[in-house]
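There's a structure below that I have some questions on.
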Amino acid sequence: MTSASLAPLVDQLPDGVVHVALPTPFPVGPVNCYLLVDDPVTVVDPGMLWADSTQIIEAALTARGHAIGDVDQVLITHGHPDHFAAAGWLADTAEAAVVCGRAEVPKLTQATDRLSMVDTVDRLGVPTSMRDTFRAFYEGVQKLSHPIDPSRLRVLDDGDTLTAGGRDWQVHVTPGHSVGHVSLYEPGERVLLSGDHLLACITPNPVLEPDPDTVEGRRRSLVEYLASLERFIRLDPLLVLPGHGPRFQDVPTLTEAMRHHHDSRADEILAIVRRLGDATPYELSCELFPHIKDFSVMLGVSEVVGHLDLLEDAGKLSRSDGRQPRYAAK
Ligand SMILES: [Zn+2]
């Protein structure tokens with residue numbers, strides 16, 4: 001969902017933090033990259049090998065008296081290509097470490113991992129022709145990426161501390177938008193680097209995440225996402241630096257607006273289920289988002305599946321057995 005800001009916006013940046021907006025070819029628009037210019041010099045989410053992205057990073061480092069070789073580490077908040085596709089290039093150029101959440105490693109190092117999503121959507125009723133579109137999308141993204149040398153990887157777990165840009169940051173790993181998504185919190189100045197977990201103007205998509213160990217073959221991304229929000233309310237940051245869009249404050253107001261959005265979206269989907277009698281998640285996404293196409297269909301199906309999980313937990317829906325379950329109102 002894109003809307004006006006759900007929380008009050010803030011203009012300031014902490015000392016030693018530089019923001020650059022890097023272009024992406026995706027509808028979400030630019031990705032926010034943060035340069036933490038004190039030691040160890042750290043680049044958070046260096047974007048993609050797209051347009052003049054890498055020159056923007058180099059110019060911003062130069063303006064702060066650094067060469068690209070001064071970069072010590074590249075932090076990836078999560079393994080979506082708009083955030084990490086250029087990380088391998090930057091790390092190889094600077095001989096820097098690549099730091100990410102442990103569960104994100106397969107997305108960063110195995111091109112085939114993203115293709116496993118193609119199999120996950122099969123269970124959700126997505127037609128074969130559409131799955132071929134997803135496959136083509138992933139292959140296109142691969143061309144805007146530079147491989148990451150696995151020997152450069154340093155993994156983070158929830159509760160770790162990461163020293164970056166002259167500050168000690170608490171590591172918060174919270175699934176929902178991506179299973180190993182990392183946010184960094186500096187409790188002294190109460191600054192949160194939130195990646196895509198908290199955004200001022202968009203409710204983060206509960207992106208489908210394969211999980212072969214479950215009956216559904218996937219994680220329950222929106223359920224997990226909503227469960228994480230209380231933690232960020234308790235952190236009570238004064239300043240949130242997100243992965244897209246403007247900086248903001250007041251996480252309680254943001255989370256309340258997001259919960260309200262998800263409640264009304266669930267009601268909307270339940271009404272469609274009642275109208276159709278029973279339906280697959282793909283059929284529901286076609287009703288809910290009749291105009292989306294290409295890879296956005298994947299995001300539309302993710303959005304629907306997340307809310308079906310909420311409705312099922314609330315006892316409002318039943319799900320048939322079989323490889324492509326259908327949902328019906330109770
Ligand atoms: Zn993103």
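Condition first: more than 30 Å from P252 (Cβ to Cβ) and touching a Cys at 6+ places or on another chain (Cβ under 6 Å). Can you find one or more residues in segment 77-99 that meet it?
no
Could we say that R102 is basic (K, R) and farther than 30 Å from R326 by Cα here?
Spelling it out, R102 is indeed basic (K, R) and farther than 30 Å from R326 by Cα.
Can you name the residue in segment 50-63 that is more than 21 Å from the chain's Cα centre (by Cα) and either assigned to a loop (DSSP other than H, G, I, E, B) or within 17 Å of R167 (Cβ to Cβ) (or both) and is also nearest to the ligand (Cβ to nearest atom) among such residues?
For segment 50-63, the residue satisfying everything is A51.
All but one of (1) buried (at least 21 other Cβ atoms within 10 Å of the Cβ); (2) free of Cβ contacts under 8 Å to residues at least 40 places away in the same chain hold for D45, so report the exception by its number.
So D45 meets the others, but not (2).
All but one of (1) within 22 Å of V297 (Cβ to Cβ); (2) surrounded by fewer than 22 Cβ atoms within 10 Å (Cβ to Cβ) hold for L235; state the number of the condition that does not hold.
Only one criterion in (1) within 22 Å of V297 (Cβ to Cβ); (2) surrounded by fewer than 22 Cβ atoms within 10 Å (Cβ to Cβ) is unmet by L235, namely (1).
Residue-wise test of (1) in contact with a strand residue (DSSP E or B) (Cβ under 8 Å, 6 or more places away or on another chain); (2) within 30 Å of V43 (Cα to Cα).
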residue	(1), (2)
G243	yes, yes
R247	yes, yes
A257	no, no
H262	no, no
E268	no, no
T280	yes, no
C286	no, no
L308	yes, no
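Okay, moving on. Cβ contacts < 6 Å: first residue among the acidic types (D, E), restricted to segment 69-86; second residue within 11 Å of the ligand (Cβ to nearest atom) and part of a loop (DSSP other than H, G, I, E, B), any location; separation 6+ or different chain. Result?
From segment 69-86, the pairs are D82/T24; D82/F26.
Of the residues G79, G47, which single one is in contact with a Lys or Arg (Cβ under 6 Å, 6 or more places away or on another chain) and either within 21 Å of D15 (Cα to Cα) or in a loop (DSSP other than H, G, I, E, B) (or both)?
After applying the criteria, what remains is G79.
Quick one: V126 ticks every box in (1) part of a loop (DSSP other than H, G, I, E, B); (2) touching an Asp or Glu at 6+ places or on another chain (Cβ under 7 Å) bar one, so which box is it?
Result: V126 passes all but (2).
Assess whether H66 counts as being within 16 Å of the ligand (Cβ to nearest atom) and either in contact (Cβ under 8 Å) with a residue 40 or more places away in the chain or surrounded by fewer than 19 Cβ atoms within 10 Å (Cβ to Cβ) (or both).
Numbers: within 16 Å of the ligand (Cβ to nearest atom): no; either in contact (Cβ under 8 Å) with a residue 40 or more places away in the chain or surrounded by fewer than 19 Cβ atoms within 10 Å (Cβ to Cβ) (or both): yes.
Judged against the criteria, H66 is not a match.
Ok, one more. Residues of segment 134-179 being within 18 Å of V98 (Cβ to Cβ), exposed (fewer than 14 other Cβ atoms within 10 Å of the Cβ) and acidic (D, E), which ones?
Selection gives D149, D157.
Report the residue count in segment 158-217 for those that are on the phi > 0 side of the Ramachandran plot and more than 17 Å from the chain's Cα centre (by Cα).
5
So which of V10, V98 is in contact with a strand residue (DSSP E or B) (Cβ under 8 Å, 6 or more places away or on another chain), away from the ligand (no atom under 16 Å from the Cβ), at pLDDT 95 or above and hydrophobic (A, V, I, L, M, F, W, C)?
V98
Please find, within segment 13-28, the residue that is surrounded by the most Cβ atoms within 10 Å (Cβ to Cβ) out of those that are at pLDDT 95 or above and part of a loop (DSSP other than H, G, I, E, B).
It comes out as T24.
The values are calculated or read from the model by the stated rules, or taken from the named source; none is laboratory data. Remember, predicted model here, so these are calculated numbers, not experimental data. Counting neighbours? That spans all protein chains shown, and the Cβs are built from the backbone with ideal geometry, glycine included.
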